[in-house]
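See below for the structure under consideration.
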Amino acid sequence: VIMALEEYYNEEGTRIYETQYLGLGCFQKCLFPSFEALWNLSPNPKTKIIDFACGTGNFTRSLKKLSGGVVLGVDLSDFMLERARKIETAQPLGIKYAKCDCFDDMLKVPEIAALAPFDMINNAWLIDYADDLKKVKAMIKNMYNLLKPGGVVCGLAENAEIPLEECFALERYGMRWPGITEKVKGFDYDYINKKEGEYGIAIYIADPKVKPCTLGYHSWTTGFVQKLYIEAGFSKFELVTKLMCKAENEYEAEYYKRYTEWPDTVLCKVTKQISSVYTGQKLSLIHI
């Protein structure tokens, strides 16, 4: 049985998220600076940012520190939000949090409606939880409706096209999301769907301190996602092809070499057109 997100991200699921995934030193040192560079934020108290699927607020806090603007974090998990609010209480930055399903009509959430439209939408690993095309389109529609003209979406998602052998190669560095595979040491992967642009998998996650559980997780190919953004009315889709990695020892250098050649994570920036007339634009690449 595949668990619902709000069921998986309970107290223990939140702990696993913070300690096992976000606690990976090499991963953080490579990905976080790259994501921050993609934001390209400068201090402006008038900037309004919403962080979709904010979790415990890791990126949310960085967004606030870098922008100095109005930042709202939204998530479906009560436990994630509770943890984020506790951190905010202990280290106040002026961040607000609200419960929200990013696959539903988000303008119905009072905290969101009160601040919309936004200058920027941040979303990390959100699309990977969309288990059907309808949800992906609903998420993108929310982004379009919540953004100001000229506003941007900064996204981070799993790389659906990473070769299987590279998935195994990253295991020694602690990477727990090997992408597209059916069986990986200690982890069982079963395809849910194999449709156009989608690789749906059910991931069996084991943790020595808690009972094993199963979480539905999907990877969507970059070209397919780009197509959906453009169809929704966005005017520009930029793909990050180079991450910012600075190795401090031989171990990190080896990890970064593999990770930059075959990153298991894809970063992109999508822009909402300023005018009402859309002429269409092909995929462009940016380096940060």
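The values are calculated or read from the model by the stated rules, or taken from the named source; none is laboratory data. Note that the coordinates shown come from a computational prediction; the quantities given were computed from them, not determined experimentally. Virtual Cβ from ideal backbone geometry, glycine too; neighbours counted across all protein chains shown. Ligands, DNA and RNA are excluded from the accessible area calculation, which covers all protein heavy atoms including side chains. Shrake-Rupley method; radii C 1.70, N 1.55, O 1.52, S 1.80 Å.
Take the conditions open to solvent by 30 Å² or more (accessible area, probe 1.4 Å), acidic (Asp, Glu), modelled with pLDDT under 55 and in a loop (DSSP other than H, G, I, E, B) and apply them to residue 248. Does it pass? So residue 248 fails the test.
Determine which member of the set 124, 90, 138 is open to solvent by less than 70 Å² (accessible area, probe 1.4 Å) and either more than 27 Å from residue 240 (Cβ to Cβ) or in contact with a Gly (Cβ under 8 Å, 6 or more places away or on another chain) (or both). The unique qualifying residue is 124.
Do we find a residue being at pLDDT below 80, open to solvent by 20 Å² or more (accessible area, probe 1.4 Å), not acidic (Asp, Glu) and not in a loop (DSSP other than H, G, I, E, B) anywhere in region 221-238? Within region 221-238 (the criterion being at pLDDT below 80, open to solvent by 20 Å² or more (accessible area, probe 1.4 Å), not acidic (Asp, Glu) and not in a loop (DSSP other than H, G, I, E, B)), the answer is no, since none of the residues qualifies.
Among the residues of this structure, residue 260 counts as one that is in a helix (DSSP H, G or I) and closer than 21 Å to residue 223 by Cβ. Does any residue of region 23-36 turn out to be modelled with pLDDT of 90 or more, out of contact with any Leu (no Cβ under 9 Å at 6 or more places or on another chain) and not hydrophobic (A, V, I, L, M, F, W, C)? No, there is no match, as no residue in region 23-36 is modelled with pLDDT of 90 or more, out of contact with any Leu (no Cβ under 9 Å at 6 or more places or on another chain) and not hydrophobic (A, V, I, L, M, F, W, C).
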